[in-house]
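Okay, structure first, notes after.
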Amino acid sequence: MMIRESDWGHYLEVAAAWLLAFIWAAPLLYATWAAFHPMDFVSRFDLLSPLTLDNFQSAWNVAPFARYFLNTFMLVCMTLTGQIVLCTLAAYAFARFEFPGKETAFILVLVQIMIMPDVLIVQNYLTTSKLGLVDTILGIGLPYIGSAFGIFLLRQAFKQVPRELEDAARVEGAGWFSILLKVYVPLARPTYLAYGLVSVSYHWNNFLWPVIITNSTHTRPLTVGLSIFGAPESGVNFSVISAGTLLAVSPLLLAFLLFQRQFVQSFMRSGIK
Amino acid sequence: MRLSHKTSRWVYAWLLLLPASVLMVTFTHYPIVGGIFSSFFSTPRQGRPSRFVGLDNYAYMANDPVFWQVLKNNFVYAFGTIPVSVCLALLMAVWVNGKLPGRAVVRTAYFTPTILPMIAVANIWLFFYTPQIGILDNICGLFGIHSHSWLGDPSTALGCLMVLAIWKDAGFFMIFFLAALQGISPELEEAALIEGAGRWYFFRRVTLPLLMPTTLFVLVNSTINSFKLVDHIFILTKGGPDNASSLLLYYIYEVAFGFWDTAYASTLTVVLLLILGALAVTQFKYIEKRVHYQ
């Protein structure tokens, strides 16, 4: 895109791009600064200010972060496992079977891509409460396990698998289930990775449904825990809030910085968060 | 023999679909239908079971000033954030796609807000907006502007949410433009340059039209997001002051889980569904096209 590199306009553009990058990174950098310094130094950018880990210590003591981490971890694992199993089966049916009602069923799947359970909070709360799943981790994840988006992505991937591979396996006497496991699933690995990353980051970050459906420390995921912890009523200062916030986002942030390419590609593939 | 084989394939297919369908119907299709249904009934209260009230809930909604306020807020929010974040996203993509020194660092900076939870970043931004000690007031102080309660003032509260949304979303939309830009062959530009076309001219007449499908996709998605994501309201303003920064979904949450008026909350949800449905029709056309590309 850059053509006349000696152009002063080019330098101006580089400067603007960097300025924007700085503005975009600033909130996180600032939170990092605050988290590692005593509260008195929060708005004093003196490079010689004393560093401290006390804020992390207080954050960890003020809120049951260990429990929140465990809850989020269980939620994310359970949801992703359920999604992968159920979506694989459904996607296989859509990709390789002919059956009456297929078109209608697929349109019904597409409906959920547009209208996700996120906005259907009122009725879903009533349903979850009838099922006796209020304030359970299963209750947080269940509405998302039948994931239209997962079905849609995997169906696309399965459709690209050459028929000959399936036929060859069948000649060798493999049934449909072992064909699915040994032919389709391995070939769709990039799609699973993409979907997995998107799903994990979605449920790690999800807030509205969890805040509705949980009401105890034993089930609250990190986001809900953070919202209580960060509320002005909790009386915690900004340094400690920053430390807690960094704690909560660090696993995902670290994973992102390490596997950036995969993350970006996954989000791109998926299109819809 | 042949027919029974075919029938057994049907049964297999439906068995494969069954687990996912049960969950989808329970948590997507049933609540859509059930929500519409219960918008014609009253909320069951103690000693008073739910009864058919016709369009009463809708009449109530039409006369509810808060409903009109949050609807207006939501449109202001959407039309205020989307053009800005989409333009920024395009700009970011063009920069990151070019020969920029430190390109990888810049790209990471742009994209990182996307993967962070809204709740976490709202905690940080809350401090920026805090009067006196917050960064915003400190910066304004340098220019001699007096301390201001950014989140407590009805005229600035929604704006504060919008700035956060732009910051959070621009990097996400950037990756779609980036993918599209990488799909445009470099020969096209070389040819144009030989013909004497300027860079800006080429961008306007070639690149931009080629980015149209991506732009449409991003526009629809960002509009859906602006009706779907209300997490930051919980941290920054709780909809206040006086509903000045409340959005439709947040109001639904308040009505349902603050006042426990599930029938009215369902009525409000129907409006949200209509808006999302209209967007869905637009997007459906796009998805069809995308399937075609693959």
In deg cm²/dmol, rounded to 500, what helix-only [θ] at 222 nm does chain A give when every DSSP H run of at least 4 residues adds -39500 (n - 2.57) and the total is split over its residues? -22500 deg cm²/dmol
Taking chain A as a Gaussian network, Cα atoms linked when under 10 Å apart, which of A:Leu153, A:Leu19, A:Leu75 shows the biggest mean-square fluctuation? A:Leu19
Please identify every one of the chymotrypsin sites (Phe, Trp or Tyr not before Pro) in the stretch B:59-143 that sits in a loop by DSSP and has no more than 10 other beta carbons within 10 Å of its own beta carbon. B:Phe143
Efficiency by 1/(1 + (r/R0)^6): what FRET value for B:Met212 and B:Gln69, r their Cβ-Cβ distance, R0 = 41 Å, to the nearest 0.05? 0.70
Cα convex hull volume per residue for the stretch B:65-293, in Å³, equals 160 Å³
Residue separation times 0.36 nm, minus the C-alpha to C-alpha distance between B:Tyr60 and B:Ser155: what's the value? 31.5 nm
Flagged as over-length at 27 Å C-alpha distance, from B:Lys238/B:Lys285; B:Lys6/B:Lys285; A:Lys130/A:Lys159; A:Lys102/A:Lys159, the pairs are B:Lys238/B:Lys285; B:Lys6/B:Lys285; A:Lys130/A:Lys159
Label-point separation, A:His218 to A:Asn237 (7 Å along Cα→Cβ), nm: 3.6 nm
Would you order A:Leu138, A:Leu53 from fewest to most other beta-carbon atoms within 10 Å of each residue's own beta-carbon? A:Leu53, A:Leu138
Each label point is 7 Å from the Cα along the Cα-to-Cβ direction; what then is the distance between the points at A:Ile228 and A:Glu103, in nm? 5.2 nm
Taking 7 Å along the Cα-to-C-beta vector as the label spot, tell me the B:Arg205-B:Trp260 distance in nanometres, rounded to one decimal. 6.8 nm
Which residue fluctuates most in the GNM of chain A (Cα springs below 10 Å): A:Thr104, A:Thr245, A:Thr223? A:Thr104
Scanning chain A for helices, which whole DSSP H stretches are 18 Å or more long along the axis (Cα) and average 0.0 or more by Kyte-Doolittle? A:8-35, A:65-96, A:102-114, A:238-258
Which GluC sites (Glu not before Pro) in the stretch B:171-224 pass both tests, a DSSP loop state and at most 11 other beta-carbon atoms within 10 Å? B:Glu195
Where a label projected 7 Å from the Cα of B:Asn138 along Cα→Cβ would reach, residues of the stretch A:8-28 with amide N under 17 Å: A:23-28
Starting from 0.36 nm per residue, how many nanometres of slack lie between B:Val33 and B:Glu195 once their C-alpha separation is accounted for? 52.4 nm
Given an 8 Å cut-off on Cα distances and at least 6 residues of separation, report the relative contact order of the stretch A:67-270 as a percent. 32 percent
Give, in nm to one decimal, the length gained when the segment between B:Cys87 and B:Leu18 is fully stretched (0.36 nm per residue of separation minus the Cα-Cα distance). 20.5 nm
At most 15 other Cβ within 10 Å, DSSP loop - trypsin sites (Lys or Arg not before Pro), the stretch B:1-85: B:Arg51
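Bear in mind these aren't lab numbers, they're just calculated from the coordinates by the rules spelled out. These numbers were taken from a predicted model, which means no experiment stands behind them. Quick reminder, even Gly has a Cβ in these numbers, built from the backbone with ideal geometry, and neighbours come from all protein chains shown.
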